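Each remark here refers to the structure printed beneath this line.
The values are calculated or read from the model by the stated rules, or taken from the named source; none is laboratory data. The shown structure was predicted, so the numbers you read here are calculated from the model rather than taken from an experiment. Counting neighbours? That spans all protein chains shown, and the Cβs are built from the backbone with ideal geometry, glycine included. The area values use the complete protein model at the heavy-atom level, side chains included, leaving out ligands, DNA and RNA. Shrake-Rupley method; radii C 1.70, N 1.55, O 1.52, S 1.80 Å.
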Amino acid sequence: MEHFFCSVLVLLVSPRFLHSNSTSHTWPFGAIAMLIDNAYDPDVSAKQFWIDKTVVKDQDCLTFMDNGYGLDLRTMHKMLSFGFSDKTTVKGVQPIGIYGNGFKSGSMRLGKDAIVFSKSKSTSCVGMLSQTYLEKIGAEQIIVPIFSLTSAILSVREEDKASLQDILRYSPFTTQEELLTQLDVISPPWSTGKTGTRIIIWNLRRTSTGALEFDFEKDRYDIQIPSEVYDEMTDTFPQPQLSSHIPKSTYSLRAYCSILYLKPQMQIIIRGQKVKSQLVAKSLAWTRKDHYKPNFLVSFYHKFLVPDTC
Ligand SMILES: Nc1ncnc2c1ncn2[C@@H]1O[C@H](COP(=O)(O)OP(=O)(O)O)[C@@H](O)[C@H]1O
Ligand SMILES: [Mg+2]
């Protein structure tokens, strides 16, 4: 009798995939939209979303924070992994993200490294998705240090201690107090909401000349794409130009966010100032409603549901 030796190999994801996966976003605002959508989706249901620029240890960073339901250790592990999405429609609100990839592709498009702080009803947790960390430790597959803490004091479980040490060593936050301060930002004393998520991205993407791809100076209350960066991007990814006019939403994050949702249900605040939503459908001179009905449903209906009268 012949013997068959069979081994099942688990697929590994190389750290290089983090960069290649992020190249699906040619435009950086699309990457930011991935993070906004996550807070907007019904499983998080945030009422407010803050976008800011900050400097940590001389490094420019982007911060994204929501006051949604937050994450625990298990859900943060899914957030930092690929392909996990359990979203369903809640009270008629359909989820935008369904493939379980938006956070990874979006955050890694904006910078090389991201740290996530989150507070849910039951716990607080911290996780890091960092290309620099993976390069420095010579990782051959993606590893995400995550730890949770149950009290305000940073007492972590024995099995989480290595994750805490790696985060302290490779993130811009080098002491436990600095990590706790970031968690405290999620639920300030004046706020009624106590849950939410704060994402900080550092090692922000630079252009071929070494400049940051965002301009934080031109408008104190906006995040803009400078014209030279804009030109470089349109050279690489030519846009169909119908006229020489460039819509403001192409280079101003504030303008982009103002038209992001047809029915805005979450307040977006950029650098301390609220974004005024524009209801695009209402600003058009002529509107027409087009109801989309997929063809396969029509043929399915006729084939199987309409009684045969012949
Ligand atoms: N801001 C957030 N607050 C709470 N949970 C989040 C947040 N962002 C992402 N998640 C969780 O992480 C999962 C993965 O996110 P993502 O990679 O964008 O994929 P998708 O949105 O397609 O599910 C989401 O399904 C959600 O459960
Ligand atoms: Mg998503």
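Data for the structure
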quantity: Label-point gap, in nm, between Lys47 and Ala162 - each point 7 angstrom along Cα→Cβ; calculated: 4.2 nm
quantity: Within the chain, helix-based [θ] at 222 nm, where runs of 4 or more DSSP H residues each add -39,500 (n - 2.57), nearest 500; calculated: -8000 deg cm²/dmol
quantity: Total charge dipole magnitude, the chain, about the Cα centre, Cβ charges on Lys, Arg, Asp, Glu only, Debye to nearest 20; calculated: 1120 debye
quantity: For Leu260, solvent-accessible area (1.4 Å; no DNA, RNA or ligand), Å²; calculated: 50 Å²
quantity: Accessible area of the chain belonging to carbon and sulfur atoms, whole % at 1.4 Å probe; calculated: 56 percent
quantity: Local electrostatic count, Phe214, Cβ distance below 9 Å [Lys/Arg +1, Asp/Glu -1]; calculated: -1
quantity: Range in the chain, longest, excluding exposed GluC sites (Glu not before Pro) [loop by DSSP; at most 12 other beta-carbon atoms within 10 Å]; calculated: 3-139
quantity: Solvent-accessible surface (1.4 angstrom probe) belonging to Tyr256, in square angstrom, nearest 10; calculated: 50 Å²
quantity: Selected from Gly272, Leu284, Val44, residue furthest toward positive end of dipole (the chain; charges at beta carbon); calculated: Leu284
quantity: Linear extension gain, Ser85 paired with Asp231, 0.36 nm per residue minus alpha-carbon span; calculated: 49.0 nm
quantity: Prolate/oblate/rounded label for the stretch 82-135 (Cα gyration tensor, a/c 1.5); calculated: oblate
quantity: Largest-first ordering by accessible area, 1.4 Å probe, given options Trp27, Trp202, Trp286, Trp190; calculated: Trp286, Trp190, Trp27, Trp202
quantity: Residues of type lysines that Lys47 reaches as a straight line, Cα spacing below 21 Å, ignoring anything fewer than 8 places off in the same chain; calculated: Lys87, Lys91, Lys119, Lys121, Lys194, Lys263, Lys274, Lys276
quantity: Choice from Ile96, Ile137, Ile268 showing the highest fluctuation, given a GNM over the chain with Cα pairs closer than 10 Å; calculated: Ile137
quantity: Reachable lysines, given that their alpha-carbon falls under 22 Å from the alpha-carbon of Lys136 and they are not under 8 places away in the same chain; calculated: Lys57, Lys104, Lys112, Lys161
quantity: Residue of Arg271, Arg74, Arg288 that the Gaussian network model of the chain assigns the largest fluctuation, springs spanning Cα pairs under 10 Å; calculated: Arg288
quantity: Selected from His245, Pro226, His25, residue furthest toward positive end of dipole (the stretch 16-282; charges at beta carbon); calculated: His245
quantity: In Å², nearest 10: area of Lys53 left accessible to a 1.4 Å probe; calculated: 50 Å²
quantity: Around Gln176: net Lys/Arg minus Asp/Glu count, Cβ-Cβ under 13 Å; calculated: -2
quantity: Counted charge near Gln131, where neighbours are those whose Cβ lies closer than 12 Å (Asp, Glu -1; Lys, Arg +1); calculated: +4
quantity: Solvent-accessible area per residue for the chain (1.4 angstrom probe, square angstrom); calculated: 62 Å²
quantity: DSSP bridge pairs, the stretch 16-282: antiparallel proportion in percent, nearest 5; calculated: 90 percent
